[in-house]
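Heads up: the structure comes next, in structure tokens.
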Amino acid sequence: MLISHGSRDQAWVSMVDEAVSHLTLREELPVAVAFLELVEGRLIQDGIDKLEHAGVTDIIVIPLFVSSGSTHVDEIEYALGAKPVPERETDLAPFRVAAKVHYGYPVDDDPDIAQMLWDKLRELSQHPGREMVLLVGHGSRHDGFRQRWEQGISSLAARVREISGLAAADYGLLNPDSVRSRVEHWQEQGYDVLVAPLFLSEGYFTKVVIPQRLEGLQYAYSGQTLLPHPLLPRWIQRQVEAALQRLEGQR
């Protein structure tokens, strides 16, 4: 079961469905795509019910979020019964689930994700020797979660720099806000700044918030997000295969 946040925008939902439709697993497994909110009839409980109705006894859950610093990753894991208590208080009620849940991991600093980011950014690069990439993520104001955001996006930025051959890499978060100050810092050092949004798909944050935070500054920005991209199904497949191997080892 793949779980993402959800959106009222059907195009957003369709991009997630499209990525999952390209999965090629070594054995045929029932698959459900579920959403935390906003997609009526396809919420997490709907996904659980669908799989259990098909006779599933073990559910491999892939949280399609860009950071383990997301409070949603924590609360969903708790509500699925995969951890005894949430790290932060939540109003998400426990789900009805009889199957054993095997909870995966979000994007964080996965090498495939770094390649996806560079693929979306490379057309903006003109002079790699004097350019730097600044990844921009949502972030979190909550202690513990903020540090996870910082660790994951910092490591991911380093991976993008290694793949791209650009001169430098850094990150900025919308919460707490550091985006504008990081762009100004690198410009003062003489670099051309390429801004890459670390978001699953385009929306309010990529189209409005990031440009507003950087208003009046010189930078290159395509606004292109992770989806759509052919590498996302591979990222999902690797998680599923690893979980299946762990399950086989327990039998």
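For the chain, what does the helix formula give at 222 nm: sum of -39500 (n - 2.57) over DSSP H segments with n ≥ 4, over the residue count, nearest 500 deg cm²/dmol?
About -12000 deg cm²/dmol.
Using a 1.4 angstrom probe on the protein heavy atoms only, line up 186, 235 by accessible area, largest first.
Correct descending sequence by accessible area is 186, 235.
With an 8 Å cut-off on Cα pairs and a minimum separation of 6 or more residues, tell me the relative contact order of the range 20-148 in percent.
RCO, the range 20-148: 25 percent.
Could you tell me how far the Cα centroid of the range 57-82 sits from the Cα centroid of the range 109-151, in Å?
With the range 109-151 and the range 57-82 each reduced to a Cα centre, they are spaced 22 Å.
Just flag the trypsin sites (Lys or Arg not before Pro) in the range 97-152 sitting in loop per DSSP whose Cβ has no more than 12 other Cβ atoms within 10 Å.
141
Obtain the nm distance between the two label points defined at residue 177 and residue 142 by a simple spin-label model: each point lies 7 Å from its Cα along the Cα-to-C-beta direction.
2.2 nm
Would you list which lysines come within 18 Å of residue 120, measuring only between C-alpha atoms, while excluding same-chain residues fewer than 8 positions from it?
Reachable lysines: 207.
Mind running the shape call on the range 187-231? Use the C-alpha gyration tensor, a ≥ b ≥ c as the square roots of the eigenvalues: rounded below 1.5 for a/c, prolate if a/b tops b/c, oblate otherwise.
In terms of gyration-tensor shape, oblate.
What is the range 9-115 by shape, rounded, prolate or oblate, if you read a ≥ b ≥ c off the alpha carbon gyration tensor as root eigenvalues and call it rounded for a/c under 1.5, prolate for a/b larger than b/c, and oblate otherwise?
Rounded is the answer for the range 9-115, as its axis ratio a/c remains below 1.5.
Show 35, 205, 65 ordered by accessible area, largest first, where the area counts protein heavy atoms only and the probe is 1.4 Å.
Descending accessible area places them as 205, 65, 35.
Return the distance in nm (one decimal) between the two label points of a simple spin-label model at residue 155 and residue 188, each offset 7 Å from Cα along Cα→Cβ.
3.0 nm
Return the aspartates and glutamates within reach of residue 83: Cα separation strictly under 15 angstrom, same-chain partners fewer than 8 residues apart disregarded; answer none if there are no such residues.
Excluding near neighbours in sequence, the set is 74, 75.
Loop-only GluC sites (Glu not before Pro) in the range 7-52, please: DSSP not H, G, I, E or B, and at most 11 other Cβ atoms within 10 Å.
27, 28, 40
What does the accessible area of residue 200 come to, in Å² to the nearest 10, when a probe of 1.4 Å is used?
Rounded to the nearest 10, the figure is 20 Å².
Quick one: compute the contact order of the chain, relative version, from alpha carbon pairs under 8 angstrom and 6+ residues apart, as a percent.
Over the chain, the number comes to 20 percent.
Pick out, in residue order, every one of the trypsin sites (Lys or Arg not before Pro) in the range 1-70 that is DSSP loop and has at most 10 other C-beta atoms within 10 Å; say none if there are none.
Here the sparse-neighbourhood loop sites are 8, 26.
The values are calculated or read from the model by the stated rules, or taken from the named source; none is laboratory data. Here the structure is a predicted model, which means the values were calculated and not measured. Every residue, glycine among them, receives a Cβ derived from its backbone with ideal geometry; neighbour counts consider all protein chains shown. Calculation scope for accessible area: heavy atoms of the full protein, side chains included, ligands and nucleic acids excluded. Shrake-Rupley method; radii C 1.70, N 1.55, O 1.52, S 1.80 Å.
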